[in-house]
Amino acid sequence: MGPGPPGPCVQARRGHGFGAAEPAHLDSADVSREPMIAPSLLSADFARLAEESQRVADADWLHFDVMDAHFVPNLTFGLPVMEAVQAVSPIPLDAHLMIENPERWAPGYAEAGARNVTVHAEACADPRAVARDIRAAGALAGLALKPRTALEAHLEVLRDFDTLLVMSVEPGFGGQSFIADVLTKVRTARRLVDAGDLTVLVEIDGGINADTIEQAAEAGVDMFVAGSAVYGADDPAKAIAGLRAQAAAAMSG
Ligand code: DX5
Ligand code: ZN
């Protein structure tokens with residue numbers, strides 16, 4: 001790691017200097033229990049992505065939902081758009097790939113500079129190989145689980161990942177209602193992380209807002225993705241601060 005403040009957030013251990021980069025990875029020292037917020041560009045104005053990234057400069061990661069109209073029914077944006085946002089975003093990008101065949105595409109998002117690249121367990125034939133390729137390309141590797149996908153079946157492969165994305169809506173669209181049942185998975189993951197049996201950042205995605213963030217924080221989430229709750233607000237920066245304060249209070253309470 002180069003010099004610089006450790007910061008409240010997660011540091012990817014990137015390679016430095018020239019030549020082959022050291023694979024990125026997360027270790028337990030990187031994860032503080034400060035709540036982190038990742039606004040989702042899915043709810044932003046697509047005609048103004050540069051400005052929309054600036055409006056959430058106080059957040060931790062900028063969540064970038066890639067949908068292919070196959071793995072999910074919706075279609076959004078892909079690598080060229082992420083590269084354009086990456087070039088202007090004041091905060092690191094968090095690529096969430098809701099696509100088939102992530103083996104083929106995920107390393108490209110890492111090479112383009114995303115801090116974290118998440119693939120869906122349901123879409124991967126060999127999740128370990130994908131994690132290895134993402135890390136080798138310099139990003140943290142994330143594994144996402146749809147609401148009805150069990151955590152237990154994926155605990156072993158999670159040892160090769162840095163982030164666990166628990167979906168709290170069916171992937172595909174913003175603005176859906178939070179599915180509280182998924183918090184069982186969050187509690188299990190939190191227990192394993194706190195016991196030192198697993199080293200992942202626990203991220204939740206879908207229906208996070210002022211009414212739901214506290215229960216997610218109590219269950220043990222580290223990183224909260226919020227689309228409509230941030231970009232649907234008159235003042236996104238204020239919405240981020242409000243969500244962060246609510247989560248921090250729930251974590252310490
Ligand atoms: C849904 C996406 C989410 C979405 C969340 O498939 O993965 O990231 O943007 O939007 P909200 O916060 O509105 O539920
Ligand atoms: Zn997402």
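The values are calculated or read from the model by the stated rules, or taken from the named source; none is laboratory data. The model shown is predicted, which means the values in this text are computed figures rather than measured ones. Quick reminder, even Gly has a Cβ in these numbers, built from the backbone with ideal geometry, and neighbours come from all protein chains shown. With ligands, DNA and RNA removed, areas are computed over all heavy atoms of the protein, side chains included. Shrake-Rupley method; radii C 1.70, N 1.55, O 1.52, S 1.80 Å.
For residues that are closer than 15 Å to Cys124 by Cβ, away from ligand 2 (no atom under 13 Å from the Cβ) and not aromatic (Phe, Trp, Tyr), scanning just region 160-186, find the one that is surrounded by the fewest Cβ atoms within 10 Å (Cβ to Cβ).
Asp160
In region 241-253, which residues are assigned to a helix (DSSP H, G or I) and either open to solvent by 60 Å² or more (accessible area, probe 1.4 Å) or out of contact with any helix residue (DSSP H, G or I) (no Cβ under 6 Å at 6 or more places or on another chain) (or both)?
If the condition is that a residue be assigned to a helix (DSSP H, G or I) and either open to solvent by 60 Å² or more (accessible area, probe 1.4 Å) or out of contact with any helix residue (DSSP H, G or I) (no Cβ under 6 Å at 6 or more places or on another chain) (or both), then Ala241, Gly242, Arg244, Ala245, Ala248, Ala249, Ser252 are the ones that fit.
Answer with yes or no whether Gln86 is away from ligand 2 (no atom under 12 Å from the Cβ), at pLDDT 95 or above and either in contact with a His (Cβ under 8 Å, 6 or more places away or on another chain) or farther than 22 Å from Leu26 by Cβ (or both). Spell out how you get there, then give the answer.
Numbers: away from ligand 2 (no atom under 12 Å from the Cβ): yes; at pLDDT 95 or above: yes; either in contact with a His (Cβ under 8 Å, 6 or more places away or on another chain) or farther than 22 Å from Leu26 by Cβ (or both): no.
No: the conditions fail for Gln86.
Here is a list of conditions, (1) over 22 Å from Phe64 (Cβ atoms); (2) within 14 Å of ligand 1 (Cβ to nearest atom); (3) not charged (D, E, K, R), and Leu165 meets all of them except one; can you say which number that is?
Condition (1) is where Leu165 drops out.
Which one is farthest from Met167 (Cα to Cα), of the residues in region 227-242 that are touching a strand residue (DSSP E or B) at 6+ places or on another chain (Cβ under 6 Å) and within 16 Å of ligand 2 (Cβ to nearest atom)? Break it down stepwise before answering.
First pass over region 227-242, keeping only residues touching a strand residue (DSSP E or B) at 6+ places or on another chain (Cβ under 6 Å): 227, 230, 240.
Keeping just the survivors that are within 16 Å of ligand 2 (Cβ to nearest atom) gives 227, 230.
Numbers: Gly227: 13, Val230: 18 Å.
Once the filter is applied, the top-ranked residue is Val230.
So, in region 147-159, exactly how many residues are within 16 Å of ligand 2 (Cβ to nearest atom) and of a type in the set (Asp, Glu)?
Step one: filter region 147-159 for residues within 16 Å of ligand 2 (Cβ to nearest atom), giving 147, 149.
Okay, now just the ones that are also of a type in the set (Asp, Glu), so none.
Within region 147-159, residues that are within 16 Å of ligand 2 (Cβ to nearest atom) and of a type in the set (Asp, Glu) number 0.
In region 90-132, what count of residues is obtained for those that are small (Gly, Ala, Ser), away from ligand 1 (no atom under 16 Å from the Cβ) and surrounded by 22 or more Cβ atoms within 10 Å (Cβ to Cβ)?
Taking region 90-132 first, the residues small (Gly, Ala, Ser) are 95, 106, 108, 110, 112-114, 121, 123, 125, 129, 131.
Still in the list and also away from ligand 1 (no atom under 16 Å from the Cβ): 108, 110, 112-113, 125, 129, 131.
Okay, now just the ones that are also surrounded by 22 or more Cβ atoms within 10 Å (Cβ to Cβ), so 110, 131.
Of the residues in that region, 2 qualify.
What is the one condition in (1) at pLDDT 75 or above; (2) open to solvent by 60 Å² or more (accessible area, probe 1.4 Å) that Ser43 does not satisfy?
Single failed check for Ser43: (2).
Starting from region 49-73, keep only residues that are over 24 Å from Ala239 (Cα atoms), then list their pairs with residues that are in a strand (DSSP E or B) and open to solvent by 10 Å² or more (accessible area, probe 1.4 Å) whose Cβ atoms are within a distance under 8 Å, requiring at least 6 positions of separation or different chains.
Qualifying pairs under 8 Å: Met67/Leu75; Asp68/Leu75; Ala69/Leu75.
Select from region 201-217 the residues that are under 16 Å from Val230 (Cβ atoms) and among the polar types (S, T, N, Q) and list them in ascending order.
If the condition is that a residue be under 16 Å from Val230 (Cβ atoms) and among the polar types (S, T, N, Q), then Asn209, Thr212 are the ones that fit.
Considering only region 187-225, how many residues are open to solvent by 10 Å² or more (accessible area, probe 1.4 Å), part of a loop (DSSP other than H, G, I, E, B), under 19 Å from Thr118 (Cβ atoms) and touching a residue at least 60 places away in the same chain (Cβ under 8 Å)?
1
Give me the pairs: first residue in region 94-123 and on the phi > 0 side of the Ramachandran plot, second residue more than 12 Å from ligand 2 (Cβ to nearest atom), beta-carbon distance under 6 Å, and six or more apart or on different chains, which are they?
Listed pairs, sorted by first residue: Gly113/Gln86.
For region 217-226: of the residues being in contact with a strand residue (DSSP E or B) (Cβ under 7 Å, 6 or more places away or on another chain) and of a type in the set (A, V, I, L, M, F, W, C), which is farthest from Ile37 (Cα to Cα)?
Selected residue: Val221.
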